[in-house]
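Below you'll find the structure, written out as C-alpha cells, and then a few comments.
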Amino acid sequence: MEKGNGAGDPESIDGFAELPNEDEYELTYPLGQGDDEPPYLWPSPEGDEEETPCPVTNLPDEEEEEAEAEVFVGRIPKDSTEAELCPMFDAVGTVTDFRLSKDSSGNNKGYAFVKFARKQDAYKAIVKLNGKQLRQRQYLKVTLSIPNTRLFIGNIPKARSKESLYDSFGSKTYELEDVIIYSLPNHDLRNRNRGFCFLCYPSYKAAAAAKRILSAVNFRIFDCRIHVDWADPLQDVDEKTMSRVKILYVNNISPSVIESDLRMFFSHYGELERVKKLKDFAFIHFRRRQDAEDALGCTNGRMFRGCKLQVAWSKPPMDKAIREEILRAREKRTLKLFADRPM
C-alpha cells in the first residue's frame, strides 16, 4: 500500500520521539485509509461495549509459503500513541510497516494497519493481541486486513443482461474485470438480473476509483440513479477447514427441479445425508468427502433439465458475531447514504 502523508513534524508528535532508534519498522501517518473511514467490516473504534472476541486458532502450517500479511487494529484508545502500540506488535514478529490513521489535525482516529514480513506472524498477532485490554472496558480488535475489490450496485434495470452491464459499467470505469448477477428463478428470465449486481476489480485502488466515479451526485446510468456501496467481503476460510467440507453448493437449477430429483441425481456419486433446495440453488450434503469431490468433478458444468449446473464447495457458515457486525455496518451505511443525498 502507498505510504500516507505526514501530519506535521514527526518529532513533535506525542510518543513518536520516545520510540527506540534501533526499531526498523516504518512509521507512516495516513490521513485516512482509502475513503475517510476504515473498511466497514471492522467495528467502529468508538464502540465501548465490553467484549473479548474469540481468538483465532487455525494458524497456517509452518510449511506454508511465507509472504507479507497485514492486520487491521481497531478500537484503539484515542490517547494511545505509537510508543505504546508498536512494541506490542514488534514483540510478535518482524513489522515492516505501521500506519496509525489520523485526521487532518493529527489526532488518532482509533485504528491502524500493521504489516508483518511473515504471514505466520500476522496470525500470531491476532491470537495474542485480539481482545487485549488497553484501557478500562476498551479491548483491541485485531483481524486480517483484506482489501475489498468488489462494489455492490443497486437499483439497476432488471432487464439488463450481464453482458450489457459489463459494457455499460466498463465504459464508465477503469479495469473492470467481471460483473456478477443473480438471475431470476424463472427459467424464461435467466438473462434478467434481480435489480442489483457486483462489479469486480483487480485491486482496492481500482475499485475505490470506480466507487468515486459512480457515486458522483449527478451520475446516472440507464437513466437511473444507482445505489453504490462496498460489497460485503467474501468469507475467508483457511484451506485446512475447506479440506474437510462435504457439502456442495449447486446453482442455476431449473425451477421445475425438486429436492427428490436432486437426491436421485447426486446419489449416483455416494451416500447423501441431506438435500436442501432454495429457489434456483441447493446444498447437497454428502457423508464422505471423497464422494463429494467425485460429484463436484463430474457435475460442475453439466446440463441438468435444460440448465447448466454451477457446482462448488459450500463455505462453512459465517461466525454469528462477524455476520452481526456486517449487518450493523450495512445498516449504518444505508442510513448515512440517504441522509447525505440531496433532496
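The values are calculated or read from the model by the stated rules, or taken from the named source; none is laboratory data. This one's a predicted model, so the numbers in the text were calculated from it and none came from an experiment. Heads up, the Cβs are rebuilt from the backbone with ideal geometry, glycines too, and the neighbour counts pull from every protein chain shown. Quick note on the areas: whole protein, heavy atoms, side chains included, nothing else; ligands and nucleic acids left out. Shrake-Rupley method; radii C 1.70, N 1.55, O 1.52, S 1.80 Å.
Just one of the numbered conditions (1) touching a helix residue (DSSP H, G or I) at 6+ places or on another chain (Cβ under 6 Å); (2) among the aliphatic types (A, V, I, L, M); (3) within 22 Å of Arg225 (Cβ to Cβ) is not true of Ile180; which one?
The number of the failed condition is (1).
How about region 70-84: which of its residues are in contact with a Leu (Cβ under 7 Å, 6 or more places away or on another chain) and either part of a helix (DSSP H, G or I) or over 18 Å from Tyr139 (Cβ atoms) (or both)?
Glu82, Ala83, listed by residue number.
Collect the residues in region 250-276 that are open to solvent by 40 Å² or more (accessible area, probe 1.4 Å) and within 16 Å of Ser183 (Cα to Cα), keeping them in residue-number order. I'd like the intermediate steps shown before the answer.
Filtering region 250-276 for residues open to solvent by 40 Å² or more (accessible area, probe 1.4 Å) gives 255-256, 258-260, 263-264, 267-269, 271, 273-274, 276.
Scanning region 250-276 gives Pro255, Ser256.
Being modelled with pLDDT of 85 or more, within 14 Å of Asp90 (Cα to Cα) and open to solvent by less than 30 Å² (accessible area, probe 1.4 Å) narrows it down to one residue among Ala122, Ala117; which is it?
Ala122
Within the set of pairs 6+ apart or on separate chains, which have a first residue in region 209-233 that is over 20 Å from Asp167 (Cβ atoms) and among the small types (Gly, Ala, Ser), a second that is open to solvent by 40 Å² or more (accessible area, probe 1.4 Å) and not in a loop (DSSP other than H, G, I, E, B), and C-beta atoms under 8 Å apart?
Ala231/Phe152
Considering region 296-306 alone, what residues qualify as being surrounded by 12 or more Cβ atoms within 10 Å (Cβ to Cβ) and more than 22 Å from Pro255 (Cβ to Cβ)?
Across region 296-306, the qualifying residues are Leu296, Cys298.
Output the number of residues of region 279-300 satisfying the condition of being of a type in the set (Gly, Ala, Ser), under 18 Å from Ser243 (Cβ atoms) and touching a residue at least 12 places away in the same chain (Cβ under 8 Å).
The total comes to 2.
Sort out which residues of region 209-246 are over 12 Å from Phe152 (Cα atoms), in a helix (DSSP H, G or I) and at pLDDT 85 or above, and write them in order of number.
Ala209, Arg212, Ile213
Suppose we filter region 70-110 for residues that are in contact with a Phe, Trp or Tyr (Cβ under 9 Å, 6 or more places away or on another chain) and of a type outside the set (Val, Ile, Thr); how many remain?
The number of residues fulfilling the criteria is 18.
Out of everything in region 307-323 that is open to solvent by 50 Å² or more (accessible area, probe 1.4 Å) and modelled with pLDDT of 80 or more, what residue ends up being farthest from Arg244 (Cα to Cα)?
The selected residue is Lys308.
Answer yes or no: is there a residue in region 73-95 that is closer than 25 Å to Asp232 by Cβ and either out of contact with any Gly (no Cβ under 9 Å at 6 or more places or on another chain) or at pLDDT below 50 (or both).
There is at least one residue in region 73-95 that is closer than 25 Å to Asp232 by Cβ and either out of contact with any Gly (no Cβ under 9 Å at 6 or more places or on another chain) or at pLDDT below 50 (or both).
What's the total number of residues in region 263-300 that are in contact with a strand residue (DSSP E or B) (Cβ under 6 Å, 6 or more places away or on another chain) and over 16 Å from Ser314 (Cα atoms)?
Looking only at that region, the number is 2.
Just to be sure I understand, how many residues within region 254-265 are touching a residue at least 40 places away in the same chain (Cβ under 8 Å) and either of a type in the set (Gly, Ala, Ser) or not in a loop (DSSP other than H, G, I, E, B) (or both)? I'd like the intermediate steps shown before the answer.
Just the residues of region 254-265 that are touching a residue at least 40 places away in the same chain (Cβ under 8 Å), to begin with: 254-257, 261.
Adding the requirement that they be either of a type in the set (Gly, Ala, Ser) or not in a loop (DSSP other than H, G, I, E, B) (or both) leaves 254, 256, 261.
Qualifying residue count, region 254-265: 3.
Answer yes or no as to whether Leu165 is open to solvent by less than 70 Å² (accessible area, probe 1.4 Å) and over 21 Å from the mean Cα position of the chain (by Cα). Steps first, please.
Numbers: open to solvent by less than 70 Å² (accessible area, probe 1.4 Å): yes; over 21 Å from the mean Cα position of the chain (by Cα): yes.
For Leu165, the condition - open to solvent by less than 70 Å² (accessible area, probe 1.4 Å) and over 21 Å from the mean Cα position of the chain (by Cα) - is met.
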